[in-house]
Amino acid sequence: MANAVSRSNLGAWLLKCNPALWDLAAFIRSGDRIRSWAVQRNYRAAMMAPGDRVLFWVSGDGRGGLPRGIWGAGHVVAPAEDWVDAEHGFWRDDQSRRGVRARIQVDIPLFSEPVTAAVLRARGVVDLEVQRMPQGANPSWVAKGQLTVLDELLGDR
C-alpha cells in the first residue's frame, strides 16, 4: 500500500493515543468524548476537513486493561489549528504536552469495548499504517478499502 494519502484514497483519519503519555483510563472515567487531539503540522493535518471520519487508536502494551486497538470512531469538527499551550488535562508526560504545536477538533465517542489489535489480526487486518509504522506521528490514515473491512468489525458501535 502506498504511504501517501490523498482525498481519493482516504477512508478515515486515525488518531493515536499512548496511555503512557496521556491518561486514557482517567479520561474514560470522566465519561467525556474526545473533542480535540494533538497532530503534527504537516500536509496530512492540513488535509483534515470537517466531516471526515476519524478512528481513535490506543497504542501500547495493554497494561492497565487498555489493549491496543480501535477505541472510538467519530468525525472531524474543524480544521487543524496551531496550539502551543496544551492544557494539562490528562497528560502524564509534561514534555510531550509542551511539544504539542497543533490540534484538530473532533467528536469521537469511545466504545464500551474496543476492537482490539488481536481481533483485527484474526480477521486479516494486518496492513493498516498504524500496524506497519506504530511510531508514526498523528494523524495516521486508513484507506477506503481498509475502512470497508473495519466497518464490518465496528458494526453499530
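Values quoted throughout were computed directly from the atomic coordinates according to the rules given, and no laboratory measurement underlies them. Bear in mind the structure is a predicted one, so any value in this text is a computation, not a measurement. Every residue, glycine among them, receives a Cβ derived from its backbone with ideal geometry; neighbour counts consider all protein chains shown.
Points to keep in mind about this one:
- Full extension of the chain between HIS75 and VAL119 gives 13.5 nm of extra length, using 0.36 nm per residue less the Cα-Cα distance.
- Annotation for segment 58-157: GluC sites (Glu not before Pro) lying in DSSP loop with at most 16 further Cβ atoms inside 10 Å of their Cβ are GLU87.
- Normalised contact order of segment 1-67, rounded percent, pairs of Cα under 8 Å and 6 or more residues apart: 52
- Dipole magnitude (debye, nearest 20) for the chain, charges at Cβ of Lys, Arg, Asp, Glu: 260
- For ASP61 and ALA4, a Förster radius of 35 Å and the Cβ-Cβ distance give a FRET efficiency of 0.70, rounded to the nearest 0.05.
- Cut-off 13 Å between beta-carbons: net charge of the residues surrounding PRO67, Lys and Arg +1, Asp and Glu -1: +1
- Helix-only arithmetic for the chain: the sum of -39500 (n - 2.57) across DSSP H runs with n ≥ 4, divided by the residue total, places the mean residue ellipticity at 222 nm at -5500 deg cm²/dmol.
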